[in-house]
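Q: Structure below; questions to follow.
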Amino acid sequence: MKGTGLFRPRLVFSADRAEAARTAEADKAARFRQAMLVHMDAAYNLARYLARDATIAEDIVQDAFLRAYRGFESWRGEAPKYWLLAIVRKCHLDHVAANRKGGPAASLDDWADAPPPQLVESHNPESLLAEKGEAVMLRTSIEQLPEPFRETLVLRELEELSYKEIAAITEVPIGTVMSRLARAREMLHNLLIPGGWREARS
Amino acid sequence: MSLHPDKIPLLHGLADGELDAANTIAIEAHLKSCGDCRAELAKIEALRDMLSTPSLRTPSPDGLRARIEAVIDTESGTAHQVARPAPQRLAPTRPRYFGDGVAAHVLNRRWGSGALTGALAASLLIALAVPQLTQAGLEDQLVQSHVRSLLVGHVVDVATSNRHLVKPWFNGKVDFAPPVPELADEGFPLAGGRLDYLDDHEVAAIVYRRRLHTINLFVRPARTLSLAGAVSMRRDGYNLIRWTAGGLEYWAVSDLDARELELFRQLYAARTAS
């Protein structure tokens with residue numbers, strides 16, 4: 001192995017430095033896993049309600065974890081779930097923006113025959129209930145809410161974040177969170193029981 | 001709607017436990033005297049009850065965790081440290097894959113002379129001697145990659161039988177577009193795709209199944225000196241077939257018997273040619 005002798009000093013030196021860098025990186029990966037991976041289900045749930053598509057939601061979550069890992073140094077110990085969900089929301093918005101600009105043809109085709117749920121003719125809640133059960137009806141109803149209301153409702157009711165955290169994630173004042181939440185609940189109630197929210201008067 | 005629209009946000013805040021003490025006392029006092037607002041609060045609470053069912057949450061798909069783990073592995077460079085020798089970039093000087101010193105020596109000469117491209121004689125030597133030698137090392141790497149993918153349960157980064165998902169997944173990860181034909185109707189269902197390394201370059205690994213066997217199909221851009229035509233070989237109990245087509249070099253590795261692996265190659269080549 002005479003040939004390798006020439007390279008050996010350099011090799012050992014860089015191997016040592018590489019080893020140190022690898023240890024630090026492995027440590028970061030371990031801390032990241034411990035703090036963030038338990039919130040994968042929450043991340044997916046939010047992505048799913050935002051994107052309303054299983055495959056896109058999966059891509060968003062994968063992208064979000066990638067960004068979260070790359071930006072892990074900027075995590076200052078705030079609630080990990082809140083920190084991660086803020087990234088999920090950003091990834092969703094980026095995904096929407098990218099597709100609006102004319103993304104890959106395949107995904108545009110996928111969407112072509114699936115109009116956004118709020119444009120679908122109002123479902124008959126009773127037949128839906130009989131057909132698929134209450135959870136599906138509730139889920140479909142939530143998905144029909146316009147995005148700002150849907151995201152506020154999901155963050156509050158499903159992810160159980162505080163008004164303050166929702167305000168920070170959605171980048172609006174707390175007052176707006178409160179009014180969106182009130183409006184979201186009213187709309188949802190009306191979807192579930194048409195006319196029900198104000199049934200006494202209408 | 002209640003007769004007191006200004007109280008609505010406070011009712012939601014109360015239901016959510018988000019009001020401070022002063023507002024809580026104020027709204028509770030109001031509720032005692034206002035039936036409309038009591039009814040409104042009851043509706044909010046009924047709705048919150050409905051939404052508290054866990055079945056509203058969509059469970060994460062099965063492969064998602066593995067995908068995220070793979071992302072973290074790739075980003076942190078900690079991917080399968082045990083199995084994959086760490087200093088990938090330095091590999092040309094590393095005789096690890098080459099059992100005998102002579103091979104390493106020749107290889108180093110090849111890399112040494114790569115810097116001095118003027119030497120025609122050296123170039124000829126490379127053309128004649130190196131393909132065989134690197135190939136021997138490559139076969140070991142291929143078998144190792146194949147075995148490793150099975151051992152660590154990390155066969156695929158993107159687990160899907162849908163070729164329309166596998167193909168775009170490679171987009172941006174490798175700078176070529178490996179064809180991903182559907183072969184399920186011939187008994188070779190697609191399992192997914194994975195990023196792997198050969199000779200320190202990223203290659204696409206497309207994974208197909210045959211009954212209980214796994215086929216790893218490694219794809220990378222063909223080198224100019226690559227031989228065309230299929231060559232099959234056997235190493236450490238695994239069968240390998242190599243062929244080139246459309247500027248890409250393919251290596252199929254599996255514990256399938258050579259005949260079935262050849263069938264796989266023919267099907268794959270036929271589907272990608274059309």
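Q: Which one of these is in contact with a strand residue (DSSP E or B) (Cβ under 6 Å, 6 or more places away or on another chain) and at pLDDT 80 or above: B:Glu202, B:Glu182, B:Glu186?
A: Result of the check over B:Glu202, B:Glu182, B:Glu186: B:Glu202.
Q: Take A:Tyr44 and tell me if it is surrounded by 15 or more Cβ atoms within 10 Å (Cβ to Cβ), touching a residue at least 60 places away in the same chain (Cβ under 8 Å) and not assigned by TED's automatic domain parsing to the domain that holds A:Glu151.
A: So A:Tyr44 does not fit the description; no.
Q: If you don't mind, there's one more thing I want to ask. Evaluate the following for A:Glu58: is it at pLDDT 80 or above and in contact with a Ser or Thr (Cβ under 7 Å, 6 or more places away or on another chain)?
A: Details: at pLDDT 80 or above: yes; in contact with a Ser or Thr (Cβ under 7 Å, 6 or more places away or on another chain): no.
No, not satisfied.
Q: How many residues does region B:186-212 hold that are closer than 16 Å to B:Arg242 by Cβ, touching a residue at least 60 places away in the same chain (Cβ under 8 Å), of a type in the set (Asp, Glu) and outside any loop (DSSP other than H, G, I, E, B)?
A: Counting residues in region B:186-212 that are closer than 16 Å to B:Arg242 by Cβ, touching a residue at least 60 places away in the same chain (Cβ under 8 Å), of a type in the set (Asp, Glu) and outside any loop (DSSP other than H, G, I, E, B) gives 0.
Q: Yes or no: B:Arg48 of a type in the set (D, E, K, R) and surrounded by fewer than 16 Cβ atoms within 10 Å (Cβ to Cβ)?
A: yes
Q: Being at pLDDT 80 or above and at the interface with chain A (Cβ under 8 Å from one of its Cβ atoms) is the filter here; which residues of region B:74-84 pass it?
A: Residues satisfying the conditions are B:Glu75, B:Ser76.
Q: So, one more: Listed residues B:Ala46, B:Ala15, B:Ala39, B:Ala21; which is among the aliphatic types (A, V, I, L, M) and farther than 28 Å from A:Thr140 by Cα? Before you say what the answer is, go through the steps one by one.
A: Values: B:Ala46 fails: farther than 28 Å from A:Thr140 by Cα; B:Ala15 fails: farther than 28 Å from A:Thr140 by Cα; B:Ala39 fails: farther than 28 Å from A:Thr140 by Cα.
Of the residues listed, the single one that is among the aliphatic types (A, V, I, L, M) and farther than 28 Å from A:Thr140 by Cα is B:Ala21.
Q: Additional query: Hey, can you tell me all the residues within region B:16-35 that are facing chain A (nearest Cβ under 9 Å) and surrounded by 19 or more Cβ atoms within 10 Å (Cβ to Cβ)?
A: Within region B:16-35, B:Glu18 is the sole residue that qualifies.
Q: For region B:224-242, check the following and say yes or no: at least one residue is crowded, with 18+ Cβ neighbours inside 10 Å, over 20 Å from B:Gln144 (Cβ atoms) and in contact (Cβ under 8 Å) with a residue 12 or more places away in the chain.
A: Scanning region B:224-242 turns up no residue that is crowded, with 18+ Cβ neighbours inside 10 Å, over 20 Å from B:Gln144 (Cβ atoms) and in contact (Cβ under 8 Å) with a residue 12 or more places away in the chain.
Q: If you don't mind, another one. May I ask you to list the residues in region B:37-62 that are more than 8 Å from every other protein chain (Cβ to nearest Cβ) and at pLDDT below 90?
A: Within region B:37-62, B:Asp49, B:Pro54, B:Asp62 meet the criteria.
Q: Under 8 Å between Cβ atoms, at least 6 apart or on separate chains: pull out the pairs that start in region B:40-55 with a residue that is within 15 Å of A:Arg183 (Cβ to Cβ) and end on any residue that is β-branched (Val, Ile, Thr) and surrounded by 17 or more Cβ atoms within 10 Å (Cβ to Cβ).
A: The qualifying pairs are B:Glu40/B:Ile8.
Q: If you take the residues in region A:148-185 that are within 10 Å of another protein chain (Cβ to nearest Cβ) and part of a loop (DSSP other than H, G, I, E, B), which one is surrounded by the fewest Cβ atoms within 10 Å (Cβ to Cβ)?
A: The extreme case among them is A:Glu160.
Q: Another question about this same structure. Can you say whether A:Ala42 is out of contact with any Pro (no Cβ under 6 Å at 6 or more places or on another chain) and assigned to a helix (DSSP H, G or I), as far as the supplied structure shows?
A: Details: out of contact with any Pro (no Cβ under 6 Å at 6 or more places or on another chain): yes; assigned to a helix (DSSP H, G or I): yes.
When the stated conditions are applied, A:Ala42 passes them.
The values are calculated or read from the model by the stated rules, or taken from the named source; none is laboratory data. If you're wondering where the values come from, they're calculated on a predicted model, not measured in any experiment. For neighbour counting, all protein chains shown are included, and Cβ atoms are generated from backbone atoms with ideal geometry for every residue, glycine included.
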